[in-house]
Amino acid sequence: MNTPVPILMYHSIAHAPNDATRALSVAPQAFVEQMALIGDGGFTPVTTAQLADAWRAGRPLPERPVLVTFDDGYEGVHRHALPVLAKHGFPATVFVSTGWLRGAYDTGGALDTMLDWDQVRELADTGVEIGGHSHTHPQMDQLADDALRSEVLRCKEIVADELGTRPVSFAYPYGYSSRRVRQAVREAGFAQSLAVGNALARRRQGPYALQRVTVRRNTGIDEFARLVEGRAIARTFARDRALTKGYAVVRRARQASRKATRSRV
């Protein structure tokens, strides 16, 4: 029950991604090889909701659990990832930014070609968990309270309207959160939420700060094997962690400055 779990964070799956998404866009053939490694290695993929439910209830997890998650809602998840997941019978979680998806709610801010709502429904019908990822993908810890609540609730309401069921899992855009952001997500009715952190998820992190490891375009199969096996993660992401800590200080200073400015108005 206290065994750490690798939560894999993907974004786009594409042959020829644009410059904005390239670094975090995994090639389709690499994704095929990665899922084959998971299957051959005896790992058992579960959804975000299943992991959190098990930890919340104190139930044991299946042997060698792993989570496959996708952020934003890129079209390649349907085109390239879904057939591979279906072949292996793997569940996954896709966290959608509702204002980026093609359709009636599109705000025009998407970085590349996104899913449309028919594709999202097809993903859900195959057993993929659809979670929330805000409406317009902002840095949520920098938002004022009203805008923060709007981002979370708008996302939740749109997913519920389109799929006929409320999303229960959330992922913070860019991985950025704070106590105030986590509280807003909880108050909106989400039961659990994922950050980044580039570390294994552990029960003690709590349901609203579960950490993930990033899968990139340059993640080779040997490095991927180390990620799912939980080996050398701190060394692999040492530079990322240092940058994250430094930027966190900057973001907190910016938020404090904005708060002080609003209080003077």
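Table: residues versus (1) part of a loop (DSSP other than H, G, I, E, B); (2) under 30 Å from Pro83 (Cβ atoms); (3) acidic (Asp, Glu); (4) free of Cβ contacts under 8 Å to residues at least 60 places away in the same chain.
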residue: Val120; (1), (2), (3), (4): no, yes, no, yes
residue: Ser177; (1), (2), (3), (4): yes, no, no, yes
residue: Val185; (1), (2), (3), (4): no, no, no, yes
residue: Gln211; (1), (2), (3), (4): no, yes, no, no
Could you check region 187-204 and list, in sequence order, the residues that are open to solvent by less than 10 Å² (accessible area, probe 1.4 Å), in a strand (DSSP E or B) and either of a type in the set (A, V, I, L, M) or in contact with a Gly (Cβ under 8 Å, 6 or more places away or on another chain) (or both)? Leu194, Ala201
Please enumerate the residues belonging to region 97-114 that are closer than 18 Å to Gly164 by Cα and either crowded, with 24+ Cβ neighbours inside 10 Å or touching a residue at least 60 places away in the same chain (Cβ under 8 Å) (or both). Ser97, Thr98, Leu101
Considering only region 111-128, state which residues are among the hydrophobic types (A, V, I, L, M, F, W, C) and under 10 Å from Glu75 (Cβ atoms). Met114, Leu115
Scope region 11-29; condition assigned to a helix (DSSP H, G or I) and open to solvent by 30 Å² or more (accessible area, probe 1.4 Å); matching residues: Arg22, Ala23, Leu24, Gln29
Which one is nearest to the chain's Cα centre (by Cα) among residues in region 49-75 that are open to solvent by less than 10 Å² (accessible area, probe 1.4 Å) and small (Gly, Ala, Ser)? Gly73
Of Ser169, Ser150, the only residue that is open to solvent by less than 10 Å² (accessible area, probe 1.4 Å) and of a type in the set (Gly, Ala, Ser) is Ser169
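The values are calculated or read from the model by the stated rules, or taken from the named source; none is laboratory data. Remember, predicted model here, so these are calculated numbers, not experimental data. A quick note on method: Cβ atoms are made from the backbone with ideal geometry, for glycine too, and the neighbour counts reach across all protein chains shown. The protein model used for the area step is the full one, side chains on, heavy atoms only, and it has no ligands, DNA or RNA in it. Shrake-Rupley method; radii C 1.70, N 1.55, O 1.52, S 1.80 Å.
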